[in-house]
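Right, one structure below, let's go through it.
Nothing in this text is a laboratory measurement; each read-out follows from the coordinates by a stated rule. What you see is a predicted model; the values in this text were computed from it and never measured. Because the Cβ atoms are built from the backbone with ideal geometry, glycine has one as well, and the counts that use them run over all protein chains shown.
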Amino acid sequence: MKTKYRCLEPYKSANSSKIIKILEEEKIKYTDIMGNAFVFYLYSDHERTKEILGYLQEKYYMEALFSKEEMEATNWYTFEATRHDIESSDDHFTYQYSCPYESEIGIRYRHEKQVNPYLSKRTPKWKNNYNFCSVNTGDYNKIFCSDIAKMMIENRGITGVEFMPVVNRKNIPTENVSQLRFPNILPREAFVFIGEYTEIVCPTCGKINYEFVQPGYDNIRVKTELIPNGIDMFSAEMSTSRGWIVPPVIVSKKVYNLVVNEMKEKHVRFRPIG
Ligand SMILES: [Zn+2]
């Protein structure tokens, strides 16, 4: 198993020119982020990866790369849609915010709860092998799908999912797109956390947020014996941040087989968790 590291380093950090020099020597691509920082990927089997990681000022995100066999050998996965083709035009319509706090950029909120459908400015242009997407804010676990995907999920008898419309400004549902919702929630006890983490308690409502010391995509496992029988899709009763998406979508092998093996979807990410 190989590890992939996602690194995002500000130009102003002490070693940035040293890092860029090595990336150029090794022909490792990096991408500019609005003139402030650069992003690049490293792999555990490259001989200079350790050296570069040692120069980083910012935390990096780790992701295990699983072989096809390792992917097939598990029964439960996290599921994300990686392309951002829904753009919310009014977050205050869609979400209810709670627990405000003062930050450098003004008042922010610790939690959000979706109370209305997405108001979207644009519609995904679905194609063959592209039937799932997420929102422009980068929350990969907010999943939307085409009518074809909805029909296939329903035809295969996949349980634990509801479909909610996406609407325009006049509150009219947009054609050929639905948001997936997961009414069944797995409790915090159903998860095992991998690696060190701290519990950040919200001072207003007492909700706990889990922050991993070393952020990664593989920080959680699920206790399969605590998953109720006969349900294929779940959300989770917990939120984590810094390297984990809030809160994850957990799906059974039936969903994995449909989306990956049958539909051969391109813009999705499944991670084995149990
Ligand atoms: Zn709170």
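About its Cα centre, what dipole magnitude does segment 2-65 give when the only charges are +1 on Lys and Arg Cβ and -1 on Asp and Glu Cβ, stated in debye to the nearest 20?
The calculated dipole for segment 2-65 is roughly 80 debye.
About the Cα centre of the chain, how large is the charge dipole given +1 on each Lys and Arg Cβ and -1 on each Asp and Glu Cβ? Please answer in debye to the nearest 20.
About 460 debye.
Answer with one residue from 234, 145, 198: the one whose Cα lies farthest towards the positive end of the charge dipole of segment 71-274, charges on Cβ with Lys, Arg +1 and Asp, Glu -1.
In segment 71-274, that residue is 145.
Given contacts defined as C-alpha pairs under 8 Å and at least six residues apart, what's the relative contact order of segment 71-274, whole-number percent?
28 percent
Distance between the C-alpha centers of segment 121-172 and segment 1-76? Whole Å please.
Cα centroid to Cα centroid, the span is 31 Å.
In the structure shown, do any of 59/127; 142/253; 2/254; 125/254; 29/50 have a Cα-Cα gap over 29 Å, and if so which?
Pairs exceeding the cut-off: 59/127.
What net charge do the residues around residue 199 carry, taking every other residue with its C-beta under 11 Å from that of residue 199, with Lys and Arg at +1 and Asp and Glu at -1?
My count for the surroundings of residue 199 gives +1.
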